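Accompanying notes for the structure given below.
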Amino acid sequence: MNKPSDLALGARVQPILFTVNGQPVSIDAQGAARRLSDVLRDDLGLTGTKVGCSAGDCGACTVLLDGQQVCACLVAGAQCAGRTVETVESLAPAEGELSALQKAFVDHGAAQCGICTPGMLMAAADTLRRHPQPTEQQVLDGLGGVLCRCTGYRKIIDAVLSVGQPQAGQSAGVSIDTVPSGSAVGARVERFDASSKVTGAERFGADEAPADALWLRAIRSPHPRARFTLGDLAGWLASQPGLVDVVTSADIPNNRFAIFPDLRDQPALAEAEVRFAGEAIAVVAGTQSAIESVNEASFPVTWEPIAPVSGVAAGLAPGAPAVQSRWPDNVLCRGRVVSGDMAALAAAAPHALSLAMRTQHVEHAYIEPEAGWARWEVDADGPRVTIFACTQTPYMDRDEIAWMFGLKPERVRIIPSAVGGGFGGKLDLSVQPLLVAASRRLGRPARIVYHRPESMRSTTKRHPAVMEAQFAATADGQFVAYDFTGDFNTGAYASWGPTVANRVPIHAAGPYRWQAVRALTRAVITNDPVAGAFRGFGVPQSTLLCESLIDDYAARIGADPLELRYANALRAGDRTATGQTLQASVGLQACLDALRPAWRASRERIGRWREQPLAGRDSAIAAPSDPHGRNPATLRRGVGVACMWYGIGNTVIANPSEMEIGLKPDGRFVLFNGAVDIGQGTYTIMPQIAADALGVPLALIDQTVADTALTLDGGKSSASRQTFVSGNAARLAAEDLRRQLLARLGAPESAQLEVRPGKIAAGGAELVLSTLPVDARGLVAVGFGRFNPPTVPLDAEGQGVPYATYGFAAQIAEVEVDVALGSVRVLSIHAAHDVGRAINPTQVEGQIHGGIAQGLGLALMEDYVALKTDNLHDYLIPTVGDMPPVVVHLIEDPEPLGPNGAKGVGEPALVATAPAILNAIRDATGVRMTEVPVTPDRMLAALRRQASDVR
């Protein structure tokens with residue numbers, strides 16, 4: 001489809017008249033040539049229509065044109081003449097109210113980050129108009145054009161079904177206003193930010209900027225490695241109407257950043273040499289129209305390509321050129337965990353297996369591209385800067401920007417926008433230094449919105465891994481020794497490479513008892529895309545290998561794969577490979593117990609299916625209207641199980657969060673919540689924890705959310721740490737405030753705190769709050785909480801206490817493989833997760849659904865190839881039609897250190913899915929897949945090898 005700017009608009013000069021949300025609209029000839037999405041957002045201020053790709057791939061900008069779904073980014077203003085446009089802003093019946101569909105999304109927890117929610121709602125509205133009582137298949141068809149990366153779609157499907165068929169999906173959502181004292185934790189409370197998400201009012205990085213902000217665009221390398229020289233920038237600028245300046249590395253005083261300050265190696269703008277395709281060399285500034293029409297090919301730069309070092313084998317080859325001189329052997333760092341007498345035990349074990357596996361680059365593919373604005377100002381105390389942008393870690397951003405530009409940290413203010421998906425990809429700096437450098441040079445605000453290919457080329461990926469392991473065990477099913485080596489491609493710069501290299505060895509042998517473990521890793525620097533944090537920090541990769549070997553061993557000795565895992569699972573009192581004794585909240589066996597009925601039923605069902613005559617299988621595989629035309633003779637079914645464990649929080653290093661909660665004179669509380677919500681629900685979970693710790697109704701809790709000028713450091717929204725770490729900080733702050741208030745009342749700590757308008761009471765005493773002095777924030781009392789999980793550093797052999805607690809899970813996948821086409825379809829997932837305590841079960845389930853969807857993508861379809869799959873058309877992520885039914889079992893084995901017994905679930909949700917799918921493929925076909933994703937061509941090649949081996 002042509003872009004709107006390419007459409008022939010002829011000699012039309014008359015205003016274009018159409019209707020938007022019932023109101024007449026007129027646009028001029030210039031507007032007629034622009035995308036409808038731009039007209040809605042920039043001209044009409046209807047920013048509820050979100051833009052994720054500008055190519056019609058993601059569907060986030062879905063609106064209704066004459067009642068039909070369209071992507072607003074693919075419709076020109078001229079095409080709207082005389083027609084009716086409906087956006088998400090039209091759904092609510094009145095201001096402050098929600099439609100039945102919007103309310104269903106709120107009640108079912110169908111919105112997480114919220115960036116796709118307006119598009120989903122418009123697609124759902126269209127579906128319900130066409131099918132007032134839709135079937136699930138009609139919902140899947142109706143929503144098929146909108147991608148979601150957070151939710152796993154299941155709660156969206158349930159929400160839409162509940163509107164048309166209330167009996168099919170009764171809501172369990174609980175209004176904030178109805179939660180009594182002491183009952184917030186464990187309640188299915190609606191999100192505090194739900195209304196803004198379902199109305200489109202949520203403010204993402206591209207949704208606002210100062211009116212005088214200039215637009216920016218980065219000039220990026222088309223080469224994975226090259227030297228370059230900039231040419232006549234002034235002359236080029238003079239030839240580019242609307243462009244006003246060019247920013248280069250010379251405009252950044254300390255042009256290096258990193259996750260770990262002692263590894264600062266990545267320039268915000270490259271200097272003389274680029275090390276990966278997509279690395280920025282300059283930033284141009286100008287008007288929006290000029291920036292949108294920049295011809296990057298005309299930019300004055302001379303390239304001298306250099307042969308790149310691609311892949312870990314090339315990086316580790318003898319004599320390989322150093323990607324960075326600091327690491328001449330291209331090894332950024334190593335990880336190591338060693339326990340037990342590996343050689344002796346492995347030699348004595350009657351069963352020894354080995355397996356090698358490879359994994360791919362995986363793109364975060366959040367629907368919101370990086371965006372934001374910055375303003376550099378100078379006052380009596382010197383320069384200061386404000387940044388509004390998407391981020392998972394505002395304080396870390398603050399400190400890196402301060403260092404790069406020679407400022408004190410308190411002179412840098414980070415205001416996180418709503419984050420349209422993160423998954424680790426928004427932990428590294430992206431737009432922030434570019435914005436600051438431009439605003440500093442220009443003397444006015446600057447804004448930027450990455451386009452989709454730019455976002456995918458320039459940001460971090462999941463580490464590709466090349467792994468091998470040897471597995472030794474007894475004849476009767478006892479695990480003995482596990483020997484793992486893994487090389488992880490960290491790309492051109494350090495990013496989170498050290499974290500991956502050090503976390504993987506701790507987890508590589510899985511959540512099982514072993515007599516000996518040796519796990520060795522290397523993070524290897526190459527000219528491939530920078531690899532960083534992505535939901536699991538390398539653990540999903542290593543779990544694929546371990547869980548595959550366990551199934552291979554089960555097949556060898558004729559053991560039930562689930563029961564084999566159960567017999568070897570870690571339990572409270574066991575020691576891990578790092579020598580840590582697990583004291584409590586070790587719920588893996590409980591997870592397997594929960595799955596056992598489904599496991600047995602699936603194996604029996606598949607056994608019966610395999611015994612059926614081919615003619616009888618058709619009704620078992622699909623409805624008669626199945627559009628895929630599958631041939632029963634070429635179908636194979638199987639079921640697989642996999643387990644996982646995951647250390648909650650940072651590995652060993654300091655991991656604190658701080659929170660404050662205050663009381664206002666009117667009797668309401670305000671929680672200063674610096675734990676950034678990237679969709680996982682921290683802006684709801686923290687108030688739930690705080691309300692119960694105070695002993696007050698949840699409705700009395702207001703919030704000031706993450707802002708480095710207003711909130712304390714809630715730490716990074718990563719490593720599944722926020723519920724456990726920041727949740728504890730919120731609990732401690734609330735308990736501190738409660739103690740203060742009871743002391744003022746002269747009441748014992750066991751007394752029930754009562755809050756009345758403008759008053760508090762306990763133990764028969766009452767205090768009028770207006771009689772108390774207020775601080776600069778208008779608060780009469782403030783409680784403070786800080787929590788840093790207790791750990792012990794690892795020694796040279798990896799012995800110590802790397803995490804205070806662990807999450808555990810087991811998942812079952814049932815699959816269908818077409819051996820003629822090589823296609824794999826996931827039929828169902830059962831997931832049991834030990835979460836300690838589910839603070840908000842709806843949100844926990846949503847995290848698990850979303851993780852499963854990403855695990856499915858890792859297993860079957862996602863594969864980032866630089867400069868080839870840098871859009872959401874060529875890079876495939878699961879759609880609503882790919883997501884199978886999911887049954888979630890929440891196992892609550894309380895963690896004594898956790899707030900109300902809770903621990904994290906965001907990353908554990910993903911880890912077991914891909915290995916369960918690969919084990920199901922093996923069960924269905926007898927083929928052990930050793931490389932992901934399992935694309936049809938790889939599946940067919942493996943089947944051919946199997947047939948050849950049989951012959």
* **Signed unit charges on C-beta, dipole axis of the chain, positive-most listed residue Phe471, Phe192, Ser37** => Phe471
* Structure fact -> For segment 619-773, the Kirkwood Rh over every pair of distinct alpha carbons, in Å, works out to 18.7 Å
* At a Förster distance of 41 Å, what's the computed FRET efficiency of Ser828 paired with Ala352, Cβ-Cβ distance as r, to 0.05? -> 0.75
* Asked: Can you work out the FRET efficiency for the pair Asn254 and Ile653, with r the C-beta to C-beta distance and R0 = 25 Å, to the nearest 0.05?
  -> 0.60
* Could you give the length gained on full extension between Asp341 and Ala94, defined as 0.36 nm per residue of separation minus the Cα-Cα distance, in nm? -> 81.8 nm
* For Lys461, list the lysines whose Cα falls under 22 Å from its own Cα; do not include residues on the same chain fewer than 8 positions away. => Lys426, Lys716, Lys868
* Rg to Rh quotient for the chain, alpha carbon positions, Kirkwood Rh -> 0.96
* Asked: Between Ala809 and residues 5 or more places away or on another chain, which pairs have amide H atoms under 5 Å apart, with H built 1.01 Å from N, and which residues are they?
  -> Met644, Asp834
* How big is the shadow of the Cα convex hull of segment 4-90, averaged over all directions, in nm²? -> 5.0 nm²
* To do: Using label points projected 7 Å from each Cα along Cα→Cβ, tell me how many nm separate Arg326 and Gln752, to one decimal.
  => 6.0 nm
* To do: Normalise the Debye intensity by I(0) for segment 778-829, one equal point scatterer per Cα, no solvent, then take log10 at q = 0.23 Å⁻¹ and round to two decimals.
  => -0.96
* Would you list Leu821, Leu794, Leu918 from fewest to most Cβ contacts within 10 Å? -> Leu821, Leu794, Leu918
* Structure fact -> For segment 369-410 the GluC sites (Glu not before Pro) that pass both the DSSP coil test and the at-most-12 other-Cβ-within-10 Å test are none
* Structure fact -> Under the 7 Å Cα-to-Cβ spin-label approximation, Lys759 and Ala475 lie apart by a distance in nanometres of 8.1 nm
* **In Hz, Karplus ³J(HN,Hα) per residue of segment 211-222 (6.51, -1.76, 1.60; θ = phi - 60°; x = Gly, Pro)** => 4, 9, 6, 7, 8, 10, 8, 8, 9, 10, 6, x
* Can you tell me what the convex hull of the Cα atoms of segment 875-928 projects to on average, as an area in nm²? => 6.3 nm²
* Please get the size of the charge dipole for segment 4-90, origin at its Cα centre, with Cβ charges of +1 on Lys and Arg and -1 on Asp and Glu, quoted in debye to the nearest 20. => 80 debye
* **In order through segment 921-932: 3J(HN,Hα) via Karplus (6.51 cos²θ - 1.76 cosθ + 1.60), integer Hz, x for Gly, Pro** => 4, 4, 5, 6, 10, x, 9, 8, 7, 10, 9, 10
* Short version: ³J(HN,Hα) in whole Hz for each residue of segment 477-492, in order, from phi by Karplus 6.51 cos²θ - 1.76 cosθ + 1.60 (θ = phi - 60°), x for Gly and Pro, what are they? -> x, 9, 5, 10, 9, 9, 10, 10, 10, x, 10, 10, 7, 8, x, 6
* **Cα-based reach from Lys664 at 17 Å (exclusive), listing lysines while leaving out same-chain residues under 8 positions away** => Lys759
* For Asp882, list long-range residues whose amide hydrogen, built 1.01 Å from N in the peptide plane, is under 5 Å from its own amide hydrogen. => none
* Evaluate the charge dipole of the chain about its Cα centre and quote only its size in Debye, nearest 20, assuming +1 on the Cβ of each Lys and Arg and -1 on the Cβ of each Asp and Glu. => 920 debye
* How far, in nm, would the chain grow between Glu136 and Leu17 when pulled straight, counting 0.36 nm per residue and subtracting the alpha carbon separation? -> 39.0 nm
* Loop only per DSSP, at most 13 neighbouring Cβ atoms within 10 Å: give me the trypsin sites (Lys or Arg not before Pro) in segment 549-601, ordered by residue number. => Arg571
* Structure fact -> Note on segment 811-951, DSSP bridge orientation, antiparallel percent to nearest 5 equals 55 percent
* Asked: Rounded to the nearest 500 deg cm²/dmol, what is the calculated helix-only ellipticity per residue at 222 nm for the chain, with -39500 (n - 2.57) per DSSP H run of length n ≥ 4?
  -> -8000 deg cm²/dmol
* Structure fact -> So for R0 = 25 Å, FRET eff. of Arg744-Arg786 from the Cβ-Cβ r, to 0.05, ends up at 0.65
* Long-range amide H contacts for Ala781: which residues qualify at under 5 Å (H placed 1.01 Å from N, peptide plane, sequence gap of 5 or more or a different chain)? -> Leu663
* To do: Starting from segment 88-123, pick out the GluC sites (Glu not before Pro) whose DSSP state is loop and whose Cβ has at most 16 other Cβ atoms within 10 Å.
  => Glu95, Glu97
* Structure fact -> Expressed to two decimals, segment 814-928 has a Cα Rg over Rh, using the Kirkwood radius, of 1.05
* To do: Could you line up Met396, Met686 from fewest to most neighbouring Cβ atoms inside 10 Å?
  => Met396, Met686
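No value in this document is a laboratory result; all are computed from the given coordinates. These numbers were taken from a predicted model, which means no experiment stands behind them. Here Cβ is always computed from backbone atoms with ideal geometry, including for glycine, and neighbour counts include all displayed protein chains.
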